[in-house]
Amino acid sequence: MKIARAQNGLKGEIRVPGDKSISHRSIMFGSIAEGDTLVRGFLKSADCISTMECFRKMGIEIEEGADEEGEYLLIHGKGFHGLSKPEETLYCGNSGTTARLISGILSGQDFETVLTGDESLSRRPMKRVIEPLSSLGASIRSEKGDGRLPLIIDKGSLKGGSIEIKVASAQVKSAILLSGLYAEGETTVREPALSRNHTELMLTAFGADLTPGTKEDPLCSVRPGRTLKGLNINVPGDISSAAYFMGAALIVPGSEVCLRNVGINPTRDGILRVFTEMGGNIEIENERYESGEKTADLIVRYTPTLKGVNIGGDIIPTLIDEIPLIAVVAAAAEGETVINDAAELKVKESDRISLTVEGLNAMGAKAEKKEDGMVIEGGKALHHAVIDPGKDHRIAMSFSVAALASKDVKPVEIRDPACVGISYPDFYRDFDRLQA
Ligand code: S3P
């Protein structure tokens, strides 16, 4: 796909699609709850469909319908022990969230399952769930013994216990907490910094006996004994999807966009804090709560005076998926941006440190890799390049934004743009709509 520099600013108002993390969890927790869970605003992207298909293969009926309020999903939950042994392997596609969270649930079942995924997911580390779940009494192993998919999960004997994880990860934390629902005693998990807390908020709303961690004390515990009860969920817009339009509006002259109903949970709002620190013109309006999640409307305007920032430490888990985009915006800002403590980026859907730095340099920016992040020198004119996002949706969307800020008449070419379907199938429609 060829993307030309923006002639005019991005203008208008949109509602970005539903939050990916919350959408995955609504299917998983709705399936093991008793009774029906009605979900509105569900993100129908490839990753969330992978989760939906896994639970359908385990006998959960999920109706997809529409009424005067829009599309909905109706999940007919069957309780903690209502899942049935799937006839085939559970294919998680490209989705790390599916593979890791489902491992926690499957550890508590009385049947054997095999988890597989696509080429990218099959390269990603799974030891981070195999080890803690095994130490809690689960029977989980990697088929090839290499700590990667396929994973074989069988009936174990979950006792509960305390786990300390080395890297802040909502996926690992959630897998541990979900296994805790099936354990004999209490399960606790300590993270080095608080990662996204959607699991804690949502499990509590479903009725679990859970004590969430805080920013000051990221220690979370869950006790067995209470069943989950189906509920109604309104999924807020995904801040990680909204981020691309925020970034584009900040760097394209003449822009003013309004992004409606975006989730701004404090464990996800690092992007807002960083863009604000860079001097970005962002207004947050209409703050409210939807299904326990804080949401707002965001108005973002072109800011010619953006400046570089230093990012590291506890803010990293709150913006982990937005770092490639931050790097793009940093390239259009004045001064240097340094990103530290983000080694996790190397084991996402691609090695995001390498692809971001290589893409920026190909477009004429000056960026350098670090072991745990990158350094970007802002203010260099960006020009045409061919970007291969390595099938990584977030790299494709970040460089689509970079293309708009190019000073070259020759457009930027993004290879394999369809990979955006992992999290945002209508990304290019919305991207074009704001430029019309
Ligand atoms: C997610 C957690 C994050 C994030 C991913 C979604 C989740 O991963 O990168 O896109 O829904 O829990 P980690 O928890 O591994 O950092």
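How many of the residues making up the range 168-208 are within 17 Å of S135 (Cα to Cα), near the ligand (Cβ under 10 Å from one of its atoms) and either touching a Pro at 6+ places or on another chain (Cβ under 6 Å) or not assigned by TED's automatic domain parsing to the domain that holds H24 (or both)?
Adding up the residues that qualify gives 1.
Which residues, taken from the range 269-289, are in contact (Cβ under 8 Å) with a residue 40 or more places away in the chain and open to solvent by 50 Å² or more (accessible area, probe 1.4 Å)?
Result: R273, single match.
Scanning the range 1-35 for residues that are open to solvent by 10 Å² or more (accessible area, probe 1.4 Å) and among the basic types (K, R), which turns out nearest to the ligand (Cβ to nearest atom)?
Step by step, filter the range 1-35, then rank; the result is K20.
Pairs please, first residue from the range 158-172 and farther than 20 Å from G96 by Cα and open to solvent by 60 Å² or more (accessible area, probe 1.4 Å), second anywhere and more than 7 Å from the ligand (Cβ to nearest atom) and assigned to a loop (DSSP other than H, G, I, E, B), Cβ atoms under 7 Å, 6+ apart in sequence or on different chains.
K159/L136; K159/G137; K159/A183; K159/E184; K159/G185
Somewhere in the range 110-124, is a residue basic (K, R), within 15 Å of the ligand (Cβ to nearest atom) and out of contact with any His (no Cβ under 9 Å at 6 or more places or on another chain)?
Checked against the condition, which is being basic (K, R), within 15 Å of the ligand (Cβ to nearest atom) and out of contact with any His (no Cβ under 9 Å at 6 or more places or on another chain), the range 110-124 yields at least one hit.
Just need a number here: residues in the range 252-268 that are under 12 Å from N281 (Cα atoms) and crowded, with 20+ Cβ neighbours inside 10 Å.
Residues flagged as under 12 Å from N281 (Cα atoms) and crowded, with 20+ Cβ neighbours inside 10 Å within the range 252-268 amount to 2.
Looking only at the range 298-316, decide whether some residue is crowded, with 23+ Cβ neighbours inside 10 Å, farther than 25 Å from R15 by Cα and out of contact with any strand residue (DSSP E or B) (no Cβ under 9 Å at 6 or more places or on another chain).
No, that holds for no residue.
Please tell me if L38 is within 24 Å of the chain's Cα centre (by Cα) and open to solvent by less than 10 Å² (accessible area, probe 1.4 Å).
Taking the combined requirement at face value, the residue does not satisfy it.
Of these, E293, E322, which one is within 16 Å of the ligand (Cβ to nearest atom), under 21 Å from K20 (Cβ atoms), open to solvent by 10 Å² or more (accessible area, probe 1.4 Å) and not small (G, A, S)?
Unique residue meeting the criteria: E293.
The values are calculated or read from the model by the stated rules, or taken from the named source; none is laboratory data. Please read all numbers here as calculations on a predicted model, not as lab measurements. With ideal geometry, Cβ positions are generated from the backbone for all residues, glycine too; neighbour counts draw on all protein chains shown. The protein model used for the area step is the full one, side chains on, heavy atoms only, and it has no ligands, DNA or RNA in it. Shrake-Rupley method; radii C 1.70, N 1.55, O 1.52, S 1.80 Å.
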